[in-house]
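Following: one structure in structure tokens, then a few remarks.
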Amino acid sequence: MSRIGKLPVEVPAGVDAKLADGTLTVKGPKGTLSLAFVSDVDAKIEDNAVTVTPRDETKKARAMWGMQRALVANLMTGVTTGFTKTLELVGVGYRAQMQGNTLKLALGFSHDVEFAAPEGITITTPKPTEIIIQGADKQAVGEVAAVIRRYRPPEPYKGKGVKYAGEYIRRKEGKKK
């Protein structure tokens, strides 16, 4: 039995949740998100909480049970507080700058890398070496952070590159004479 799946997800105050045709639509102060449930689980809204239950006892249904409940919890968190990822640029001359809706990155290439922020994602650069990505959709925020990091992942010798805030970079020893 799924320990996560059997917990109900509370619908916070100020959030409107509707369930129709196997799709949960959640509307809150940060926006509107929806989730289509897989055919192996059922969902109900009762007592101001969303409850997810498996349809049968197959292995797939039990696996989907906890995952779908976690996705519902992410929807509730996303429309109330939102999600944030912070990236740090480490390296001489590495800097980031927002120009309208485009993030301009100087990452040691012969050209600047330009990244257009997708719909629903807010990118800010409080410092030239820090990028803050915010949005209501957890998956979209993580995907944007991963795409930006992929331009110049941190290398193991000097640690130069784009890294997540708080990420530990395992260092290697350089050449010896």
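For the stretch 153-166, the criterion of being among the acidic types (Asp, Glu) and exposed (fewer than 12 other Cβ atoms within 10 Å of the Cβ) is met by none of the residues.
Yes/no per residue for (1) outside the structural domain of Lys160 (by TED's automatic domain parsing); (2) more than 30 Å from Pro156 (Cα to Cα):
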{"site": "Gly31", "(1), (2)": "yes, yes"}
{"site": "Ala36", "(1), (2)": "yes, yes"}
{"site": "Asp40", "(1), (2)": "yes, yes"}
{"site": "Asp47", "(1), (2)": "yes, yes"}
{"site": "Gln68", "(1), (2)": "yes, yes"}
{"site": "Leu103", "(1), (2)": "no, no"}
{"site": "Phe109", "(1), (2)": "no, no"}
{"site": "Glu119", "(1), (2)": "no, yes"}
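Inclusion of Thr84 among residues that are surrounded by fewer than 19 Cβ atoms within 10 Å (Cβ to Cβ), touching a helix residue (DSSP H, G or I) at 6+ places or on another chain (Cβ under 9 Å) and closer than 30 Å to Pro153 by Cβ is warranted.
If I ask for residues that are among the charged types (D, E, K, R) and surrounded by fewer than 11 Cβ atoms within 10 Å (Cβ to Cβ), which ones from the stretch 168-177 would you list?
Arg170, Lys172, Glu173, Lys175, Lys176, Lys177
Of the listed requirements (1) touching a residue at least 60 places away in the same chain (Cβ under 8 Å); (2) more than 17 Å from the chain's Cα centre (by Cα), Lys30 misses just one: (2). Between residues in the stretch 50-64 that are within 30 Å of Ala13 (Cβ to Cβ) and residues that are surrounded by 15 or more Cβ atoms within 10 Å (Cβ to Cβ) and of a type in the set (Phe, Trp, Tyr), which pairs lie under 7 Å by C-beta distance while being six or more apart or on different chains? Between residues of the stretch 50-64 that are within 30 Å of Ala13 (Cβ to Cβ) and residues that are surrounded by 15 or more Cβ atoms within 10 Å (Cβ to Cβ) and of a type in the set (Phe, Trp, Tyr), the close pairs are Val52/Trp65; Pro54/Trp65. Determine whether Thr84 is of a type outside the set (Phe, Trp, Tyr) and part of a strand (DSSP E or B). The answer is yes for Thr84. Has the stretch 63-79 got any residue that is crowded, with 19+ Cβ neighbours inside 10 Å and farther than 28 Å from Gly22 by Cα? No.
Hey, can you tell me all the residues within the stretch 84-128 that are charged (D, E, K, R), closer than 30 Å to Thr32 by Cβ and within 20 Å of the chain's Cα centre (by Cα)?
Lys85, Glu119
Name the residue that is surrounded by the fewest Cβ atoms within 10 Å (Cβ to Cβ), counting only residues in the stretch 1-24 that are within 21 Å of the chain's Cα centre (by Cα) and assigned to a loop (DSSP other than H, G, I, E, B). The qualifying residue surrounded by the fewest Cβ atoms within 10 Å (Cβ to Cβ) is Ile4. Filtering the stretch 119-151 to residues that are in a loop (DSSP other than H, G, I, E, B), surrounded by 15 or more Cβ atoms within 10 Å (Cβ to Cβ) and either free of Cβ contacts under 8 Å to residues at least 40 places away in the same chain or charged (D, E, K, R) (or both) leaves only Asp137. Scan the stretch 38-77 for residues that are β-branched (Val, Ile, Thr) and part of a helix (DSSP H, G or I) and the total you get is 2.
The values are calculated or read from the model by the stated rules, or taken from the named source; none is laboratory data. Quantities reported herein were computed from a predicted structural model and do not represent experimental measurements. Methodologically, a virtual Cβ is constructed for each residue, glycine included, from the backbone with ideal geometry; neighbour enumeration extends over all protein chains shown.
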